Amino acid sequence: KKKRMFRPICLLRMSKHIRNFRTPQESPLLVTPSWLNDNLKDVKPVDTSWYMPAEKRNTHSEWISCRIKGSSFFAQDQIVDKSIDLPHMMPPIDVFLDFVNREGISETDHIIVYDSEGLFSAARVWYTFRAFGASKVSILHGGLRNWISSGFPTENGPPSQDDRKSKFAAEFDKSSISSAEQISKVGNTTQIVDARSSTRFHGSEADPRAHLGIEPGHIPNSLNVPHRTICHYPDDDSGVVLQSVDNLEKTFKAANVDIDKPIITSCGSGVTAALLLFAIEHIHAERGTKPPFLSLYDGSWSEWGQTKRKDLPK
């Protein structure tokens, strides 16, 4: 039986009105494997692969054994704010700069983030780069899987130790991240949208971090758009991709989310919450319209769901 090849959509239009970041988006939000192959010498690819701890994946080792040529590896469990006992908190500026300057990435480079799933963890690193002032950040649609299934080469082994040092002029956009205190004070005009599965959202499934004292449930009055519902999962190896704009709009509407009004997203630990924001950006870019205020609740349910946090209603 001949393997069906899923073809992702072509390059997407850019909007002149990309959210409230100080630095406007100056590149397509998504690029195809063909585009990346044609422009690989002019961009900075970054592998952002991350999986839930229960999957016991060593993504750094996987990057060593199979990666897009010239790519850097962004360790999402390490490039974080370690002064806070929560996973994936936005890194302090010095931690972020240590990575980008070591890898030779500047704020003016066209950065292509990708993950091995296709579209899962890459959006969080897209959001991180944007929050620190990078103006040209795109996601490889379908990720590493789509790159390989499209017939493009990979490399393996320890990366070359060439001198990649650069100077990234970073300025963090504080509005890109929201705190639990801010969530507690939002009015009816701001929507809280949770990217976790419906079973975790409604509390019928135990939280993966239950052993750490995380209760089931959700933030009061929040809405639920499971991140899997905005993605297309092909039946071959071509990688997870974003749903069509029409389907995305229908999905948000069915969840009573108004993508033209302010939104703060949440999830388990701040990873897939960024995927919802990316999808909303994508819809507005295709429309040619200006997105509303968008922000990400960095602590997400790993903070709000803590049994010890009696001040945060479940």
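The values are calculated or read from the model by the stated rules, or taken from the named source; none is laboratory data. This one's a predicted model, so the numbers in the text were calculated from it and none came from an experiment. Note that each Cβ is placed from the backbone with ideal geometry, even for glycine, and that neighbours are counted across all protein chains shown.
Looking at segment 19-110, what helices (runs of 4 or more DSSP H) fall wholly within it and have at least 1 residues that are free of Cβ contacts under 8 Å to residues at least 24 places away in the same chain and among the β-branched types (V, I, T)?
Filter on segment 19-110 gives 93-102.
If you check E181 against the conditions, is it modelled with pLDDT of 95 or more, closer than 23 Å to P91 by Cβ and surrounded by fewer than 16 Cβ atoms within 10 Å (Cβ to Cβ)?
Taking the combined requirement at face value, the residue satisfies it.
Go through (1) farther than 29 Å from T23 by Cβ; (2) surrounded by fewer than 18 Cβ atoms within 10 Å (Cβ to Cβ) for F201 and report which single condition fails.
Unmet condition: (2).
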